[in-house]
């Protein structure tokens, strides 16, 4: 777990450190969205479709709602979906990957075949289909995106299990009669966590993009503001009111960029191959 | 500058690593390796047959998944089968019978499998056509957008990667790497919107919607140019992300190959630098990239839904969006099945390209 030494190593990659601060700032913005926003994101203002100006830094939409306030409130959904969905993927991926790598044999063949199928299937279509048919609550979106992300995690976890399964310390644990559960969770799994975390950082970025895509197509949670749904609203009025599209899109791109750079930083610290260099 | 370089050139970023894992696991090389041990030259027919054989259970899984969704969806399964339209009573009764909705679940599943496998994907009340023909009508438009994007991003991405790797940390390398990072993080649909604002709304150079000028009576070259101008913006929005991924991958693959012994030998025997690059480095560095291109196909479909929606491009992506809005569930399910089949098919083609490129494979004539 994060020790001062790891932190020092992480900070050496300055882009990653700056990205981390930025993501933390966004998390704070999401928590204190109501305090930070100059206006109520749902309140209908007096001026519709105002261009950016001193009263409304990012302009207003067709109902006179303040875009800046909506962008600030829109921070919540991508962050929530990004992190919760990835946590779901991690949990599932670790369970499936460990079982596959530890038990091998038929379990492995079946689980890996399923993994390969999920990787080949056009997952965004699958997510669209499921959300369209089963409903658009935010928790459903989290679950769908989370469930679709497990194969990447499962594969790195499985690879770690395969390489650690026959190591001396694992054999020793087995020899003194440790149960399967104990060998899996206490002996091998701790070694599989670092690469899984590195992959998880990509999944966060992808989950944010997926959520934006779902919301853009009108499948976001109808009760919440999300950057994707702001872009969807902007689409109709893009020729006259381009500011409606510019700011939410920049927000998505910036968040995804920071998550990716942060992931690079984690990779520098956790990847043993790189550490040797 | 150091930060900038670190930021751009971390050749073992998690993104690339995950892609490389994909390559390790999905590459036909494993399969080839096992084949090469037994019988030396691989017959391509054998390879294709084996891949096709793997694809069948996947498609059956997709069908079973659709069946499960029909029953999980809130409300009567008939609503999921018909879509939320006021369908005629007689048709609803017919569907109940055809899908055996009064029979036990396993009979229903078998009936559903039978119907779908015989090409009956249901009937769309919105389009007043069988689902299969609604979707197949839209496939050419999507391919028109996707195939150029796939080929362009593969070729140009590889070239940019080679260019960037030639002089690491030079200006051209930094520019290419910054561009790749940008392409990787910007959502395709927002990029599409911005391109539309710049090139069709502000500058007025290119049309913003559709696949061709509606109502214009064009023929021959003018019709061709009309279609090209319509294609350019959605094509760019779709291709840039893949261009970025391919360039990044090719760059790091080239830099890895650069330290291999055979490259040193080639230089030691006095080959010109361009020959070392063209004949020794590129063919070897290309292999992982080709596999990534295959993995990327399914992401290309993701991009196509969003980009087609932005540009009103009449392909299966836009159809997906329309059926969501219209709650036309049979079309949604059919689209998922057919898209999966398309992804499998494109993957097969990419695998064949891989076989053709891999110097270790010799076909029996």
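The values are calculated or read from the model by the stated rules, or taken from the named source; none is laboratory data. Here the structure is a predicted model, which is why all the values come from computation and not from measurement. Virtual Cβ from ideal backbone geometry, glycine too; neighbours counted across all protein chains shown.
Residue A:163 fulfils the conditions (1) more than 30 Å from residue B:299 (Cβ to Cβ); (2) more than 25 Å from the chain's Cα centre (by Cα); (3) part of a helix (DSSP H, G or I) except for a single criterion, (1).
Evaluated against (1) free of Cβ contacts under 8 Å to residues at least 60 places away in the same chain; (2) more than 12 Å from every other protein chain (Cβ to nearest Cβ); (3) assigned to a helix (DSSP H, G or I); (4) more than 25 Å from the chain's Cα centre (by Cα), residue B:270 falls short on exactly one condition, (3). Take the conditions touching a strand residue (DSSP E or B) at 6+ places or on another chain (Cβ under 7 Å) and at pLDDT below 85 and apply them to residue B:351. Does it pass? So residue B:351 fails the test. Taking the criterion of being away from every other protein chain (no Cβ under 12 Å) and outside any helix (DSSP H, G or I), the residues of segment B:163-208 that qualify are B:167, B:168, B:169, B:170, B:203, B:205, B:206, B:207.
With respect to residue A:204, is the statement that it is surrounded by fewer than 24 Cβ atoms within 10 Å (Cβ to Cβ) and within 11 Å of another protein chain (Cβ to nearest Cβ) true? For residue A:204, the condition - surrounded by fewer than 24 Cβ atoms within 10 Å (Cβ to Cβ) and within 11 Å of another protein chain (Cβ to nearest Cβ) - is not met. Residues in segment A:95-105 that are at pLDDT 90 or above and surrounded by fewer than 17 Cβ atoms within 10 Å (Cβ to Cβ): A:95 only. Using the structure shown, decide if residue A:79 is within 27 Å of the chain's Cα centre (by Cα), assigned to a helix (DSSP H, G or I) and modelled with pLDDT under 85. Considered against the rule, which asks whether it is within 27 Å of the chain's Cα centre (by Cα), assigned to a helix (DSSP H, G or I) and modelled with pLDDT under 85, residue A:79 comes out as no.
From B:133, B:172, grab the single residue that is surrounded by fewer than 17 Cβ atoms within 10 Å (Cβ to Cβ), more than 27 Å from residue B:308 (Cα to Cα), free of Cβ contacts under 8 Å to residues at least 12 places away in the same chain and more than 18 Å from the chain's Cα centre (by Cα). Selected residue: B:172, the only one of B:133, B:172 that is surrounded by fewer than 17 Cβ atoms within 10 Å (Cβ to Cβ), more than 27 Å from residue B:308 (Cα to Cα), free of Cβ contacts under 8 Å to residues at least 12 places away in the same chain and more than 18 Å from the chain's Cα centre (by Cα).
Against the definition (in a helix (DSSP H, G or I) and out of contact with any helix residue (DSSP H, G or I) (no Cβ under 6 Å at 6 or more places or on another chain)), how does residue B:112 come out, yes or no? No; evaluated as a whole, the condition is false for this residue. For residue A:36, the criteria (1) free of Cβ contacts under 8 Å to residues at least 40 places away in the same chain; (2) in contact with a helix residue (DSSP H, G or I) (Cβ under 6 Å, 6 or more places away or on another chain); (3) buried (at least 16 other Cβ atoms within 10 Å of the Cβ) hold in every case but one, which is (3). If you check A:120, A:142 for being more than 7 Å from chain B (Cβ to nearest Cβ), surrounded by 19 or more Cβ atoms within 10 Å (Cβ to Cβ) and touching a helix residue (DSSP H, G or I) at 6+ places or on another chain (Cβ under 8 Å), only one passes: A:142.
Within segment A:207-234, being at the interface with chain B (Cβ under 7 Å from one of its Cβ atoms) and surrounded by fewer than 20 Cβ atoms within 10 Å (Cβ to Cβ) holds for one residue alone: A:218.
Take residue A:197 and decide whether it is within 18 Å of the chain's Cα centre (by Cα), within 12 Å of another protein chain (Cβ to nearest Cβ), part of a helix (DSSP H, G or I) and surrounded by 23 or more Cβ atoms within 10 Å (Cβ to Cβ). No, not satisfied.
A single entry from B:293, B:349 fulfils the requirement of being buried (at least 24 other Cβ atoms within 10 Å of the Cβ), within 13 Å of the chain's Cα centre (by Cα) and either part of a helix (DSSP H, G or I) or within 9 Å of chain A (Cβ to nearest Cβ) (or both): B:293. For segment B:209-222, the tally of residues that are farther than 26 Å from residue A:243 by Cβ and assigned to a loop (DSSP other than H, G, I, E, B) stands at 9.
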